[in-house]
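Student: Got a structure for you, questions after.
Any read-out appearing in this document is the output of simple, stated calculations on the displayed coordinates, not a laboratory observation. Model, not experiment: these values are computed from the prediction. As a convention, Cβ positions derive from the backbone with ideal geometry for all residues, glycine included, and neighbour counts pool all protein chains shown.
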Amino acid sequence: MVAVFPEPRLTSRQSHLRDALVEMVLAQGFSRLTMDQVAATLNCSKRTLYALAASKEQLAVLAVRHFFRGATEQVEAAIAATRSPARRVTRYLEAVAEALRPASRVFRNDVAHFAPTAEIYEQNTIAAARRVRELIDEGTRAGAFRQVPAGFVGEVVTATMRRITSGEITAATGLSDAEAYAELARLVVAAIRR
């Protein structure tokens, strides 16, 4: 996962509102919210919201970007102290599941159906797959993994991550997102371990 856009400079109050906005849209999504509802829930004026972003749509983009930026930091922190190559791959995918856990299904549906936020999600999915490939390459160089086409493994991970986030894996298997990520991690490590 990676944050792909610079974050605007905000005042302390604006940062607090942005963080509260992120929590709100993670729980409720954003497509059905009005600026009046957002202002009432965040206990601020619409003028204050318009200082953050020029429209409801831009507020949604701001919230989604900030969410993925935080998720990226959370995931990278989770693997920072892990040394075992196999555990790094497993922990990375587990951390992705943990980072995405607060995102409700309605949030994920809204992200998928609004082009600017879908692009942010796609960029983060591509970055996550690239990170998995890097972790596999590191493990292969360290002799912990057999020689595998890391690009192919990354593509399989990307496709599976998309299906997990879309809800398709849960519908097909009954596994929660967290369980599906854990199984994906086990599957990948089992396939590449020496």
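Student: If you fit an axis through the alpha-carbon atoms of helix 56-80 and take the longest principal axis of the Cα set of the chain, what angle between them do you get, 0 to 90°, nearest 10?
Tutor: Relative to the chain, helix 56-80 is tipped by roughly 30 degrees.
Student: Here is a further query. Can you compute the equivalent ellipsoid semi-axes for the range 74-146, i.e. the square root of 5 times each eigenvalue of the Cα gyration tensor, sorted largest first and rounded to whole Å?
Tutor: Equivalent ellipsoid of the range 74-146: 28, 14, 8 Å, largest first.
Student: How large is the convex hull of the C-alpha atoms of the chain per residue, in Å³?
Tutor: Value for the chain: 113 Å³ per residue.
Student: Using +1 at the C-beta of Lys and Arg and -1 at the C-beta of Asp and Glu, which of TYR92, GLN58, THR160 has the Cα lying farthest in the positive direction of the dipole of the chain?
Tutor: After comparing all options, I get TYR92.
Student: For the chain, take the longest principal axis of its alpha carbons; what is the angle in degrees between that and the long axis of helix 85-100, to the nearest 10 within 0 to 90?
Tutor: 20 degrees
Student: What angle do you read, to the nearest 10 degrees and between 0 and 90, between the alpha-carbon axis of helix 177-192 and the longest principal axis of the chain?
Tutor: With both axes taken from Cα atoms, the answer is about 30 degrees.
Student: Pairs of alpha-carbon atoms within less than 8 angstrom and 6+ residues apart define the contacts here; what relative contact order does the chain have, in percent?
Tutor: Answer for the chain is 27 percent.
Student: Summing +1 for each Lys or Arg and -1 for each Asp or Glu, what net charge is found among the other residues whose Cβ lies under 15 Å from the Cβ of ALA99?
Tutor: That works out to 0.
Student: Sticking with this one: Can you give the charge dipole size of the range 38-194 about its Cα centre, rounded to the nearest 20 debye, using +1 on the beta carbon of Lys and Arg and -1 on the beta carbon of Asp and Glu?
Tutor: The calculation lands at about 300 debye.
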